[in-house]
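Enquirer: Input: one structure, supplied below.
The values are calculated or read from the model by the stated rules, or taken from the named source; none is laboratory data. What you see is a predicted model, and the numbers here were worked out from it, not measured in a lab. FYI the Cβ positions are ideal-geometry reconstructions off the backbone, even for glycines, and counts take in every protein chain you see. All accessible areas refer to the heavy atoms of the entire protein, side chains included, with ligands and DNA or RNA removed. Shrake-Rupley method; radii C 1.70, N 1.55, O 1.52, S 1.80 Å.
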Amino acid sequence: MKLTELEIQAYETYIKEYDFSEYLYNKTVLVTGSKGIIGSGLIRWILLSNEKFGTNTHIIASSRNPDRIPEYIDPDDNISFCRFGEEGRIQDKVDFIIHTAAPTSNTVFKEQPVESLRAIIDGTETILDLARRQENCSVIYLSSEEAYGTPTASEPVKELFVGAIDSLNVRNCYPLGKKASELLCRAYFEEYGLNVKIIRPTVILGLYQPYDSVKVEAEILRCIIENKNLYMKSNGMTKKCVIYTMDALSAVLTVLFKGEAGEAYNATNPETYETVKDRAYKAFAKFNPKVTIEFAEQDTSMASGYLPQRALQEDISKISTLGWRPLASMDDIYELDIMRFSEK
């Protein structure tokens with residue numbers, strides 16, 4: 001496997017803090033969404049464990065284009081590939097399934113809500129059916145904080161919080177698809193005893209996030225690097241947390257290996273809880289004081305496919321009982337990304 005020096009440093013730090021090698025010896029792990037931020041990051045983590053600890057874990061990587069092998073993969077890496085949607089044809093013994101695959105584009109949600117909803121729900125059903133046919137297979141489903149809807153909560157939200165989602169807004173094919181898939185997971189646990197867990201991460205930033213990401217935090221980064229003002233289509237008062245990629249990876253593996261079947265777990269960094277506007281101003285003050293925010297005369301954010309204003313901080317006390325905690329601050333994330341993209 002080929003890793004950059006920056007990647008090696010990141011994984012060395014986290015594998016030292018979170019050593020999951022005992023769970024991985026001679027196992028087979030199916031990773032869907034294998035070319036996404038989380039999927040590709042997890043594959044690198046597992047392959048590095050093979051190199052460091054001799055865990056001999058075989059990875060089955062599912063994606064829409066399995067013939068295009070990622071550049072970081074070496075010919076001798078213990079990995080094979082399958083096409084997304086065809087995981088049900090897998091004949092190998094699978095010990096763990098990490099289901100991360102889902103559409104993530106606001107544009108796709110608005111223009112192809114039927115396809116988006118079906119990809120989320122049908123993909124989850126395929127994975128759960130595969131796991132049910134296996135013997136002693138554990139599954140983790142990557143849900144989202146959007147499953148909580150758009151609350152303006154004054155207190156951190158625990159996993160049992162129920163948020164309302166407008167079913168007549170087609171953009172909500174994503175959160176409603178996530179909610180329905182969570183119900184499927186719980187139903188397979190209740191009816192069939194399937195060992196399936198759910199994780200709800202907040203916005204994931206940092207390593208493996210593409211430079212052209214549509215997240216407002218990515219636009220803040222581009223403004224810092226390109227020395228341009230941030231143009232905001234809203235008032236920037238949405239208040240939320242974020243989580244660093246490596247923290248999200250360690251959270252996924254923690255819940256997969258240590259979480260309770262049938263349960264859902266929040267994953268975020270509470271110390272990053274602030275309004276989007278404040279996050280931008282703080283980042284500019286620290287990394288490029290020459291840039292600032294320009295606000296649109298009229299709020300057009302929802303017309304562009306973004307969520308309405310909300311305030312949501314996930315409570316992480318439940319996942320904390322499993323021994324997990326976030327390591328990277330907001331400044332850490334931006335420092336890393338500035339370094340990562342400035343080198344290109």
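Enquirer: Taking a probe of 1.4 Å, how large is the accessible area per residue of region 44-122, in Å²?
Expert: Counting only protein heavy atoms, the per-residue value for region 44-122 is 52 Å².
Enquirer: Given points 7 Å out from each Cα along the Cα-Cβ axis, report the residue 258 to residue 214 separation in nanometres with one decimal.
Expert: Distance between label points: 3.6 nm.
Enquirer: Let me ask something else about it. Among 39, 57, 24, which residue has its Cα positioned farthest towards the positive end of the charge dipole of region 15-64, with +1 placed on the Cβ of Lys and Arg, -1 on the Cβ of Asp and Glu, and the dipole taken about the Cα centre?
Expert: 39
Enquirer: Here's something else I'd like to know. Just the accessible area per residue of region 146-248, please: how many Å² with a 1.4 Å probe?
Expert: Values: 4370 Å² over 103 residues.
Roughly 42 Å² per residue, with all protein chains present.
Enquirer: Can you classify region 65-125 as rounded, prolate or oblate using the Cα gyration tensor, where a ≥ b ≥ c are the square roots of its eigenvalues, rounded means a/c under 1.5, and otherwise it's prolate if a/b beats b/c and oblate if not?
Expert: On the way: a/c = 2.80, a/b = 1.60, b/c = 1.75.
Oblate.
Enquirer: Round to the nearest 0.05 the FRET efficiency obtained for residue 294 and residue 115 when R0 = 30 Å and r is the Cβ-Cβ distance.
Expert: FRET efficiency, residue 294 to residue 115: 0.30.
Enquirer: A follow-up question, please. Return one number: the angle in degrees, 0 to 90 and rounded to the nearest 10, between the long axis of the Cα atoms of helix 330-342 and the longest principal axis of the Cα atoms of the chain.
Expert: It works out to around 90 degrees.
Enquirer: Give me the accessible area of residue 325, 1.4 Å probe, in Å² rounded to the nearest 10.
Expert: Answer for residue 325: close to 120 Å² accessible.
Enquirer: Another one. Assuming 0.890 mPa s and 25 °C, estimate D for region 111-175 with Stokes-Einstein, Rh taken as the Kirkwood radius over Cα pairs, in µm²/s. Don't jump to the answer; show the numbers that get you there.
Expert: On the way: Rh = 14.1 Å.
Roughly 174 µm²/s, to the nearest whole number.
Enquirer: Let's test the formula: R0 of 22 Å, r as the Cβ-Cβ distance of residue 153 and residue 235. What FRET efficiency results, to the nearest 0.05?
Expert: Calculated transfer efficiency: 0.70.
Enquirer: Taking 0.36 nm per residue of sequence separation and subtracting the Cα-Cα distance, how much length would be gained by fully extending the chain between residue 80 and residue 278, in nm to one decimal?
Expert: Additional length available on full extension: 66.9 nm.
Enquirer: While we're here: In the chain, what percent of the accessible surface is made up of carbon and sulfur (1.4 Å probe, ligands and nucleic acids excluded)?
Expert: Looking at the chain in its full context, I get 49 percent from C and S.
Enquirer: Starting from the Cα-Cα distance between residue 93 and residue 21, subtract it from 0.36 nm times their residue separation and give me the gain in nm to one decimal. Don't skip to the end; give the middle numbers.
Expert: Details: separation 72, 0.36 × 72 = 25.92 nm, distance 1.91 nm.
Stretched fully, the residue 93-residue 21 segment lengthens by 24.0 nm.
Enquirer: When Rg and Dmax of the Cα atoms in Å is calculated directly from the model, which label among (i) 22.6, 86; (ii) 25.0, 86; (iii) 19.6, 59 fits?
Expert: Read-out from the structure maps to (iii).
Enquirer: Restricting to bridges with both residues inside the chain, how much of the DSSP beta-bridge set is antiparallel, in percent to the nearest 5? Don't jump to the answer; show the numbers that get you there.
Expert: Working: 3 of 39 bridges.
Bridges in the chain are about 10 percent antiparallel.
Enquirer: Taking a probe of 1.4 angstrom, what is the accessible area of residue 173 in Å², to the nearest 10?
Expert: About 10 Å², ignoring ligands and nucleic acids.
Enquirer: I would also like to ask the following. Could you please put 290, 179 in sequence from largest to smallest accessible area, using a 1.4 Å probe?
Expert: 290, 179
Enquirer: Compute the acute angle (0 to 90°) between the alpha-carbon long axis of helix 276-287 and the principal axis of greatest extent of the alpha-carbon atoms of the chain; round to the nearest 10°.
Expert: Long axis of 276-287 versus the principal axis of the chain: about 80 degrees.
Enquirer: Normalised by the number of residues in the chain, what is the relative contact order in percent for Cα pairs under 8 Å and 6+ residues apart?
Expert: 18
Enquirer: While we're looking at this one, here's another question. Provide the solvent-accessible area of residue 159, counting protein heavy atoms only and rolling a 1.4 Å probe, rounded to the nearest 10 Å².
Expert: Residue 159 has an accessible surface of roughly 20 Å² with all protein chains in place.
Enquirer: Quick one: helix 216-226 against the long Cα principal axis of the chain, what's the angle to the nearest 10°, folded into 0 to 90?
Expert: Taking Cα atoms only, the helix is inclined about 70 degrees.
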